[in-house]
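The values are calculated or read from the model by the stated rules, or taken from the named source; none is laboratory data. All figures in this text were calculated on a predicted structure; none of them were measured in a lab. We place every Cβ from the backbone using ideal geometry, glycine too, and count neighbours over all the protein chains shown. Side chains are part of the model used for accessible areas, which takes the heavy atoms of the whole protein and leaves out ligands, DNA and RNA. Shrake-Rupley method; radii C 1.70, N 1.55, O 1.52, S 1.80 Å.
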Amino acid sequence: MTVLADRYGRRFPYLRLSVIQACNFRCSYCLPNGYQGVPGTAPSLRLDEIERLLHGFVGVGLRKLRLTGGEPTLRRDLPDIIATAARMPDIRTIALTTNGCILRKRRATWQQAGLNALNVSVDALDRQRFAAITGHDRLHDILAGIDEALAADFPVVKLNAVLLRGLNDEQMPAWLEYLRERPVAVRFIELMRTGTNKDYFERHHLRAQALEDDLQAQGWSLLPRGPTAGPAREYGHPDYRGRIGIIAPYSRDFCAGCNRLRVTSRGDLRLCLFGNLGIPLRHLLQDDASGDLLQATLLGQLGLKEAGHGLHEGRTGLTPHLASIGG
Ligand code: SAM
Ligand code: SF4
């Protein structure tokens, strides 16, 4: 089998598929005014289109799928999307990134359909702070959903928290308390500059380096990277069941660990979260006969993937906000 690889020796077994652009939250760094639909834009990929897309990617080495958005759980047919992926045995990990709004109600259904990894965004453990950042006073419910997933032995549970100067940078003691007995990984993500958050970025961007220095001073140590690990740097501590991951897209070697491609909810391939390159695939998803052409297109596009993003130079590419492409 020919697998997706680029001219820098990187392989791409991991697809992040946005299944919907809409979201019900108003995270201040992402959609501060809520999701504003643009009339006349194409609808999200249908289930049959998603099935053909996944078949195409499996043929060139897909092993891990992440469903994201917007808020992917707003899609009523999410269990069917998960089940479709679960019928393809080559896809070993089926992950979901969610704000957790219906985690309590639907997690068991997703799990039965074949979901085996969950990332829930929790930007603060303090009720008021959480509500101020996301626009929704839902922290209690979301944390209860996470604890229920752990109690049900959900295979992999991770939390995502964006580091925000002045908004959640005093939460570390609460996080350490949280991680003492819970076997979860919290990923602290450096705020990324996008097309629509320039001023916000200037005010709230916080480098993860100081946090990493503090962790090391408190006995946390960097864990060895697995062979298929992405760009997160992961720390562990003998007194804590949980782990801490750092995602620092502005660090020098971030792009060297890139192992993922993205497809937007309308079926556009994106070679990089912050690139200008990417092409529509939707016309290749209308019938099974286009499968070979889809795979040839994917292999050909990879030749165009660049070594790194242009975030350091303030180039944010085609991404107005992460909800538009799937974070
Ligand atoms: N709505 C879902 C959620 O919030 O988990 C999935 C989509 S969201 C775009 C995916 C992840 O991207 C979330 O963890 C979110 O916190 C993160 N994110 C969004 N905008 C970001 C930014 N400008 N910088 C860093 N992370 C961002
Ligand atoms: Fe919605 Fe996720 Fe963006 Fe928050 S980060 S506004 S939950 S898409």
About its Cα centre, the chain carries a charge dipole, from +1 on Lys and Arg Cβ atoms and -1 on Asp and Glu Cβ atoms, whose size in debye to the nearest 20 is 340 debye
Between the residues His283, Leu150, Thr264, the Cα farthest towards the positive end of the dipole of the chain, that dipole coming from +1 and -1 charges on the beta-carbon of Lys, Arg, Asp and Glu, is from His283
FRET efficiency, Met1 to Asp169 (Cβ-Cβ, R0 56 Å, nearest 0.05)
0.75
Candidate residues Arg260, Arg182: accessible-area rank, largest first, probe 1.4 Å:
Arg182, Arg260
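When the accessible area of region 148-202 is split by element with a 1.4 Å probe, what percent falls to carbon and sulfur?
Roughly 50 percent, rounded to a whole number.
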Give the long-range amide H neighbours of Gly245: residues separated by 5 or more places, or on another chain, with amide H under 5 Å away, using H modelled in the peptide plane at 1.01 Å from N.
Val186, Arg187, Phe188, Tyr235
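Restricting to DSSP H runs of at least four residues, report the calculated mean residue ellipticity at 222 nm for the chain, -39500 (n - 2.57) per run over all residues, nearest 500 deg cm²/dmol.
-8000 deg cm²/dmol
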What FRET efficiency comes out for Val38 versus Gln286 if R0 is 22 angstrom and r is the Cβ-Cβ distance? Round to the nearest 0.05.
0.40
Give me the percent of the accessible area of region 26-83 that comes from carbon and sulfur atoms, probe 1.4 Å, all protein chains in place.
53 percent
Sequence-separation-based contact order of the chain, relative, with Cα cut under 8 Å and 6+ spacing, percent
22 percent
Between region 119-191 and region 237-266, how many Å separate their Cα centres?
17 Å
Quick check on region 14-324: of the DSSP beta bridges with both residues there, what percent are antiparallel, nearest 5%?
20 percent
Over region 48-192, calculate the relative contact order: mean separation of alpha carbon pairs under 8 Å at least 6 apart, over the residue count, as a percent.
19 percent
With the other protein chains left in place, how much accessible area per residue, in square angstrom, belongs to the chain at a 1.4 angstrom probe?
45 Å²
Using per-residue counts of other Cβ atoms within 10 Å, averaged over each peptide, order 69-76, 155-162, 216-223, 170-177 from highest down.
69-76, 155-162, 170-177, 216-223
